[in-house]
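A short worksheet on the structure shown next.
The values are calculated or read from the model by the stated rules, or taken from the named source; none is laboratory data. Bear in mind the structure is a predicted one, so any value in this text is a computation, not a measurement. Note that each Cβ is placed from the backbone with ideal geometry, even for glycine, and that neighbours are counted across all protein chains shown. Surface accessibility is based on the protein's heavy atoms, side chains included, excluding ligands, DNA and RNA. Shrake-Rupley method; radii C 1.70, N 1.55, O 1.52, S 1.80 Å.
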Amino acid sequence: MFKLETRNANLWYGEKQALKNISIGIEPNSVTSFIGPSGCGKSTLLRCFNRMNDLIENTKIKGEFLLDNTDIYDMDVYELRKKVGMVFQKPNPFPKSIFENVAYGLRIVGGKDRNEIKDKVELSLKNAALWDEVNGILNKPALSLSGGQQQRLCIARTLAIEPTVVLMDEPASALDPISTSKIEDLIYELKQKFTIVIVTHNMQQAARISNKTAFFYLGELIEFDNTDKMFTNPQNERTQNYVTGRFG
Amino acid sequence: MRRYSYTRAKLTDRAFKYVALSFTAFALGVLVVLLIDIFSKGIARINWDFFRNLPSRHAEKSGIMTALAGMLSLLFFTIIIALPIGILAGIYLQEYGKKNRLAKLIEINISNLAGVPSVIYGILGLTLFVRILKLGNSLIAGALTLGLLILPIIIVTTREAIRAVPDSLREASYGMGATKWQTTSKVVFPFALGGILTGIILAVSRAIGETAPLLVIGALVYVPFIPEGPRDQFTTLPIQIFNWTTRPQAAFIVNAAAGIIVLLLITFLLNGIAIYIRNKWYKKIRY
Amino acid sequence: MRRKEKLIEVLMICCSFVTILTTAGIILILTVETVKFFSEVSIIHFVTDTQWTPLFTEKHYGILPLLSGTLLTTTIAILFAVPLGLIIAVYLNEYASPRFTAFVKPILEVLAAIPTVVYGFFALQFVTPSLQKIIPDLNGFNALSPGLVMGVMIIPYITSLSEDSLRAVPRSLREASYGMGATRFQTAFRVMVPAASSGIIVSVILAVSRALGETMIVAIAAGQQPKLTFNPKESVETITTYIVQVSMGDVPQDSLEFKTIFAAGLTLFVFTFILNSLSYWTRSRFQNKYE
């Protein structure tokens with residue numbers, strides 16, 4: 001059984017079709033990478049899974065999108081987004097304290113108990129491998145952290161509301177190599193508890209961290225298979241050209 | 001021939017530079033002359049009694065106490081009326097109804113309202129609040145009139161402040177399952193607060209200087225008491241200044257200048273605070 | 001939770017509607033009272049009679065004197081403020097150093113923040129006496145002095161809006177002009193100003209609208225004598241001054257004399273409404289020229 005699944009997914013931004021007939025299944029407790037050149041639809045598909053595309057005007061969506069075999073359009077969109085968390089390309093902490101950033105989601109779901117919030121904040125920061133760096137400065141503004149720390153804070157913020165899926169849209173593209181490797185280690189850890197889908201431009205990154213990789217081109221899913229197979233023995237010529245760096 | 005026109009072009013350029021610089025200096029000079037003129041005429045009259053005394057038919061005994069008190073009470077009610085309405089409308093137009101037809105219509109309407117002469121608001125206030133709603137020429141009628149007058153300013157600045165909030169913050173909030181109102185009230189609004197505050201202070205500073213609409217709704221020029229409730233009659237500092245300015249006796253002109261000094265200090269103080277907050281806030285949003 | 005969200009949204013829509021109601025209220029009140037006025041006074045007289053004496057025993061209801069007073073002060077203000085404001089804008093944008101601009105702009109904006117009653121005082125007590133030294137037959141109340149002072153008040157509007165639109169002109173245009181050896185003056189007036197023309201036009205339209213509706217400066221310094229004249233040395237009365245004069249006087253509020261302020265108000269409103277709509281239209285039409 002798949003954790004996330006789409007069947008014949010089509011999406012239009014106005015007149016432009018961004019996704020064409022995509023059917024894909026994501027396995028639970030795994031890391032799946034979406035790769036492909038810019039504008040291939042990988043981020044668009046990612047944003048379908050928690051209905052972030054609803055926020056963009058003139059978007060038309062057709063096909064089935066399932067979370068645990070339930071159509072996500074039959075679910076309350078706010079409940080869906082609590083189950084399917086998202087980390088964005090650029091770190092986007094709120095201009096509040098470190099503590100309040102993580103507590104934000106807890107307060108949204110109606111958390112009132114101070115100690116419970118405190119415990120969950122700590123746990124989430126530990127899960128995001130940030131606790132050791134921010135313990136003791138929780139009341140400092142989140143924007144005083146470095147870029148890499150900010151991104152891990154955003155991950156902690158997402159983990160705090162206990163999602164089952166975490167979507168990551170090029171989470172390391174704005175970071176330096178050291179911060180990137182910390183994020184990658186973290187993703188590897190998180191796999192134990194969460195299902196992770198990551199969009200990346202960096203093919204080595206996809207090869208390093210993911211179990212499965214999907215290659216998109218011009219809105220179509222060209223190939224989807226185990227990561228090692230995708231990088232060593234792709235079936236499709238375009239996949240081969242892309243992973244060997246001949247285009248894209 | 002070419003060389004000739006080239007030199008001429010350079011001369012024009014140089015000449016324009018000095019003409020333009022002198023125009024700039026002239027505009028700034030007018031401000032300086034205005035301030036010097038008023039201070040030299042009125043500063044001698046500024047003393048404790050001037051603030052404490054009631055208006056009087058003797059210029060030397062006249063003070064601005066009732067005018068100041070009336071102005072402050074008027075502002076208090078104006079803010080209470082206009083602030084919530086203006087901020088909520090601004091939030092709605094920018095954050096909720098960006099593209100729909102109603103919002104478009106309201107936007108055109110607001111841009112038009114911002115250009116309606118204040119004396120017309122006076123006619124509206126006189127007919128609607130003073131006569132139809134029978135509020136008389138009271139503080140509350142004045143506050144409602146000024147409230148409508150500054151509403152477009154508050155709405156426009158609220159919208160601008162909200163427009164400056166980066167979309168990435170909204171996405172982060174929605175991505176965690178926050179609703180529209182949760183995102184608006186907990187993320188967007190606190191972030192925009194600095195900009196909104198600036199707009200409010202500028203609106204208040206505008207309301208302080210307004211004279212014409214209050215004259216039209218029948219605010220009195222001679223009020224020997226401090227208003228105690230919203231239904232009381234009132235006068236304000238600009239009205240008091242207007243009254244003194246139109247008197248033939250030189251002693252009242254001195255009073256007018258002294259009143260203007262107080263009015264200008266309040267106006268400049270408010271504008272200074274607004275600029276200070278705006279600069280602080282700009283630093284915050286550029287991150 | 002959904003219920004609460006919906007409720008808040010409805011509340012916000014209601015708040016937005018206050019602005020629509022304000023406009024509707026203004027138009028309704030002005031029109032209804034003006035229609036009543038025209039049931040007693042012929043509209044032909046209103047637009048052709050050259051005298052406006054509703055408060056005298058021999059009554060005439062011709063708007064022309066008020067209109068000429070309004071147009072005269074506005075014209076003086078605009079003729080003074082537009083060239084000055086525009087040249088300052090060009091100077092700040094093309095010639096001055098960024099530091100100078102950052103220093104001058106806020107000070108100029110102080111001019112726009114000064115309450116109009118202060119300008120009225122300045123016009124009557126300083127500018128008129130000063131002008132009388134140069135023009136001896138200048139009336140104590142006249143159109144010239146408040147017109148010029150109104151111009152000073154308007155300068156920052158024109159400078160600020162024009163400078164904004166000059167700054168919005170893409171760098172590449174300016175560089176293209178300099179690249180061909182043009183001077184700053186040529187670049188400014190042959191490339192930049194034409195490219196920013198829609199923004200500059202908007203600033204002028206808004207300035208005219210502001211001048212038409214200005215009340216306190218003219219009420220204090222222009223006098224209260226409706227006269228059909230275009231002589232800036234004479235005392236005139238504007239529409240706005242007349243409205244203030246009547247509402248401050250002891251005219252019974254149900255009399256025909258009192259209804260005149262609605263007819264005068266509607267005339268003023270129509271003028272400013274057309275100008276404001278024109279500026280909105282210009283702005284939205286040309287907004288995205290360089291995007």
query: Taking the stretch C:171-197 on its own, how many of its residues are more than 9 Å from every other protein chain (Cβ to nearest Cβ) and open to solvent by 20 Å² or more (accessible area, probe 1.4 Å)?
result: 14
- request: Answer yes or no as to whether C:V270 is outside any helix (DSSP H, G or I), hydrophobic (A, V, I, L, M, F, W, C), more than 9 Å from chain B (Cβ to nearest Cβ) and under 19 Å from the mean Cα position of the chain (by Cα).
  value: no
message: Anything in the stretch B:115-145 that is more than 8 Å from chain C (Cβ to nearest Cβ) and without any contact (Cβ under 8 Å) to a residue 60 or more places away in the chain? List them, or say none.
response: B:I132, B:L133, B:K134
task: Go through (1) more than 10 Å from chain C (Cβ to nearest Cβ); (2) open to solvent by 10 Å² or more (accessible area, probe 1.4 Å); (3) not in a helix (DSSP H, G or I) one by one and return the number of the condition B:G218 breaks.
output: (1)
Exclusive hit being in the same structural domain as C:F185 (by TED's automatic domain parsing) and among the hydrophobic types (A, V, I, L, M, F, W, C), set C:V47, C:V104: C:V104
query: If you check B:F268, B:F242, which single one turns out to be in a helix (DSSP H, G or I), within 12 Å of chain C (Cβ to nearest Cβ), open to solvent by 40 Å² or more (accessible area, probe 1.4 Å) and among the aromatic types (F, W, Y)?
result: B:F268
So B:A161, is it open to solvent by less than 30 Å² (accessible area, probe 1.4 Å) and not in a loop (DSSP other than H, G, I, E, B): yes
- prompt: Is it fair to say A:A129 is open to solvent by 40 Å² or more (accessible area, probe 1.4 Å), touching a Leu at 6+ places or on another chain (Cβ under 6 Å), in a loop (DSSP other than H, G, I, E, B) and small (G, A, S)?
  reply: yes
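Listed here are the residues, each with its yes/no results for (1) charged (D, E, K, R); (2) within 17 Å of B:T127 (Cα to Cα); (3) in contact with an Asp or Glu (Cβ under 9 Å, 6 or more places away or on another chain).
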site: C:E9; (1), (2), (3): yes, no, no
site: C:C15; (1), (2), (3): no, no, no
site: C:T22; (1), (2), (3): no, yes, no
site: C:T34; (1), (2), (3): no, yes, no
site: C:D49; (1), (2), (3): yes, no, no
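This table checks each residue for (1) within 16 Å of B:G177 (Cα to Cα); (2) open to solvent by less than 30 Å² (accessible area, probe 1.4 Å); (3) of a type in the set (V, I, T); (4) within 14 Å of the chain's Cα centre (by Cα).
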{"residue": "A:A9", "(1), (2), (3), (4)": "no, yes, no, no"}
{"residue": "A:N69", "(1), (2), (3), (4)": "no, no, no, no"}
{"residue": "A:M86", "(1), (2), (3), (4)": "yes, yes, no, yes"}
{"residue": "A:P95", "(1), (2), (3), (4)": "no, no, no, no"}
message: Condition check: away from chain C (no Cβ under 14 Å) and under 15 Å from B:Q94 (Cα atoms). Does B:G175 satisfy that?
response: no
- line: Of the residues in the stretch A:28-45, those that are of a type outside the set (S, T, Y) and within 25 Å of A:R246 (Cβ to Cβ) come to A:F34, A:I35, A:G36, A:P37, A:G39, A:C40, A:G41, A:K42, A:L45
query: Of the residues C:P146, C:P106, C:P83, which is facing chain B (nearest Cβ under 10 Å) and modelled with pLDDT of 95 or more?
result: C:P83
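Say whether the condition of being under 25 Å from A:I178 (Cβ atoms), open to solvent by less than 30 Å² (accessible area, probe 1.4 Å) and within 14 Å of chain B (Cβ to nearest Cβ) is met by at least one residue in the stretch A:107-118.
No, every residue in the stretch A:107-118 fails to be under 25 Å from A:I178 (Cβ atoms), open to solvent by less than 30 Å² (accessible area, probe 1.4 Å) and within 14 Å of chain B (Cβ to nearest Cβ).
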query: All but one of (1) assigned to a helix (DSSP H, G or I); (2) crowded, with 19+ Cβ neighbours inside 10 Å hold for C:P54; which doesn't?
result: (1)
query: Restricted to the stretch B:91-111, and to residues that are free of Cβ contacts under 8 Å to residues at least 40 places away in the same chain and among the charged types (D, E, K, R), which residue is least open to solvent (accessible area, probe 1.4 Å)?
result: B:E107
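Is there a residue being within 30 Å of B:S111 (Cα to Cα), more than 22 Å from the chain's Cα centre (by Cα) and not assigned by TED's automatic domain parsing to the domain that holds B:L263 anywhere in the stretch B:41-63?
No, that holds for no residue.
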- request: Could you list, in sequence order, all residues of the stretch A:160-189 that are open to solvent by 10 Å² or more (accessible area, probe 1.4 Å) and not in a loop (DSSP other than H, G, I, E, B)?
  value: A:D169, A:P177, A:I178, A:S179, A:T180, A:S181, A:K182, A:E184, A:D185, A:Y188, A:E189
- prompt: Any idea which of (1) open to solvent by 10 Å² or more (accessible area, probe 1.4 Å); (2) within 30 Å of C:L278 (Cα to Cα); (3) under 17 Å from the mean Cα position of the chain (by Cα); (4) hydrophobic (A, V, I, L, M, F, W, C) is the one B:L88 doesn't satisfy?
  reply: (3)
query: Are any of the residues in the stretch A:192-199 in contact with an Asp or Glu (Cβ under 7 Å, 6 or more places away or on another chain) and at pLDDT 90 or above?
result: yes
message: Can you report the number of residues in the stretch C:71-122 which are more than 30 Å from C:T229 (Cα to Cα) and open to solvent by 10 Å² or more (accessible area, probe 1.4 Å)?
response: 19
- request: State which residue pairs qualify: first residue more than 27 Å from C:T282 (Cβ to Cβ) and inside the stretch C:165-182, second residue modelled with pLDDT of 85 or more and charged (D, E, K, R) in any location, beta carbons under 8 Å apart, and separation of 6 or more residues or different chains.
  value: C:A182/C:R190
- request: Quick one: count up the residues across the stretch B:248-265 that are touching a residue at least 40 places away in the same chain (Cβ under 8 Å) and surrounded by fewer than 24 Cβ atoms within 10 Å (Cβ to Cβ).
  value: 8
message: Restricting to the stretch A:28-56, and then to whatever is within 17 Å of A:Y73 (Cα to Cα) and part of a loop (DSSP other than H, G, I, E, B), can you tell me which residue is most open to solvent (accessible area, probe 1.4 Å)?
response: A:I56
message: Which residue is nearest to the other protein chains (Cβ to nearest Cβ), if the candidates are limited to the stretch C:209-236 and must be part of a loop (DSSP other than H, G, I, E, B) and touching a Gly at 6+ places or on another chain (Cβ under 6 Å)?
response: C:S235
- prompt: B:R231 versus (1) crowded, with 20+ Cβ neighbours inside 10 Å; (2) of a type outside the set (V, I, T); (3) more than 11 Å from chain C (Cβ to nearest Cβ): which is the lone unmet condition?
  reply: (1)
